[in-house]
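Readers should treat all values here as calculations from the given coordinates under stated rules, not as data from a laboratory. It should be emphasised that the depicted structure is a prediction, and the values quoted were computed from it without experimental measurement. Because the Cβ atoms are built from the backbone with ideal geometry, glycine has one as well, and the counts that use them run over all protein chains shown.
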Ligand code: COA
């Protein structure tokens with residue numbers, strides 16, 4: 001459901017990594033519907049084409065730049081495309097992520113490295129590349145990174161992603177203080193299990209755990225992509241003007257429910 005006023009993100013330029021599918025697409029689409037010009041980056045051109053077409057069909061403004069967030073030169077080129085096409089950059093959403101279920105004793109060094117490279121190192125590279133234009137933002141620059149509370153409790157079978165996401169929360173807090181003097185706000189969003197995302201499909205549904213996972217959420221159900229997109233809009237909008245260094249948990253009470261009922 002659209003809950004924010006049309007135009008609340010007018011004149012902002014937002015770059016969304018992993019913005020062609022899943023939560024990244026939901027965020028990009030909602031930002032565009034609320035007036036932002038969006039730049040979506042992802043590895044697969046066919047996903048990018050579909051995403052841009054979807055946003056444009058609904059009346060939004062979007063471009064795509066095929067980018068692997070592990071490649072700094074590609075990330076820099078994507079940021080340059082944003083500034084040269086739309087005249088600046090106001091919001092960066094780091095949503096690109098990779099994950100797979102694998103007990104740690106079976107994980108290869110390259111499997112570990114791949115997930116940490118995408119999830120943690122990719123976040124750093126995107127923040128670094130976006131720093132200069134975000135500093136110039138007339139709306140106070142915003143960075144949002146997608147984390148998970150599973151990174152704080154530990155995440156058996158996903159130790160690589162958990163370690164990377166814990167690193168993201170730490171990176172976000174360091175940058176929140178370092179870059180406050182430039183009026184850049186840096187926050188994380190920690191979603192719980194969200195319906196119809198690749199993460200839930202790979203980690204839970206394909207292993208027959210989707211119903212169990214929904215029951216573990218205090219609210220008793222999986223979330224919707226729009227729940228996460230609305231949290232991102234709030235942080236990107238003037239509603240987030242005094243929020244930095246926060247972790248906005250959008251998980252229906254899942255992580256507290258684990259602890260409370262352990
Ligand atoms: N179980 C165990 N190891 C796995 C694996 C699995 N399911 N999937 C990949 N790996 C290992 C590979 O074997 C490889 O290690 P090796 O060279 O020692 O054999 C390593 O991970 C890299 O795999 P590769 O497929 O080359 O990497 P990639 O860059 O093409 O893909 C992934 C990255 C693996 C994270 C892939 O799942 C991906 O692209 N995911 C993006 C979408 C996603 O995961 N979304 C959910 C986010 S929550």
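Brief remarks on what is shown
- Helical contribution to [θ] at 222 nm, DSSP H n ≥ 4, -39,500 (n - 2.57), averaged over the chain, rounded to 500: -13500 deg cm²/dmol
- Residue 77 versus residue 138: modelled label distance in nm, points set 7 Å from Cα along the beta carbon direction: 3.1 nm
- Value of Rg to Rh for region 130-170 (Rh from inverse mean 1/r over Cα pairs, i.e. Kirkwood): 1.21
- Based on C-alpha pairs under 8 angstrom that are at least 6 apart in sequence, the chain has a relative contact order of 19 percent.
- Computed over the Cα atoms of region 151-220, the ratio of the radius of gyration to the Kirkwood radius (Rg/Rh) comes to 1.09.
- Packing-based exposure ordering (other Cβ within 10 Å, fewest first) of 174, 190, 149: 174, 149, 190
- Contact order, relative form, for region 127-262: 28 percent (alpha carbon pairs under 8 Å, 6 or more residues apart, mean separation divided by residue count).
- Translational diffusion of region 113-262, µm² s⁻¹ [Kirkwood Rh, Cα pairs; Stokes-Einstein; 37 °C; 0.692 mPa s]: 204 µm²/s
- Volume per residue that the Cα convex hull of region 1-40 spans, once the total is divided by residue count, Å³: 49 Å³
- Using 0.36 nm per residue and subtracting the Cα-Cα separation, the extra length available between residue 128 and residue 105 on full extension is 4.9 nm.
- Axis angle, to the nearest 10 degrees, between helix 72-86 and the longest C-alpha principal axis of the chain: 40 degrees.
- Cα-derived Rg to Rh of region 13-250, Kirkwood definition: 0.95
- Full-stretch length increase - residue 113, residue 242 - with 0.36 nm per residue and alpha-carbon distance subtracted: 42.9 nm
- Ranked by how many other Cβ atoms sit within 10 Å of their own Cβ, fewest first, the residues 3, 40 fall in the order 3, 40.
- Residues 95, 137, arranged from fewest to most other Cβ atoms within 10 angstrom of their Cβ, appear as 137, 95.
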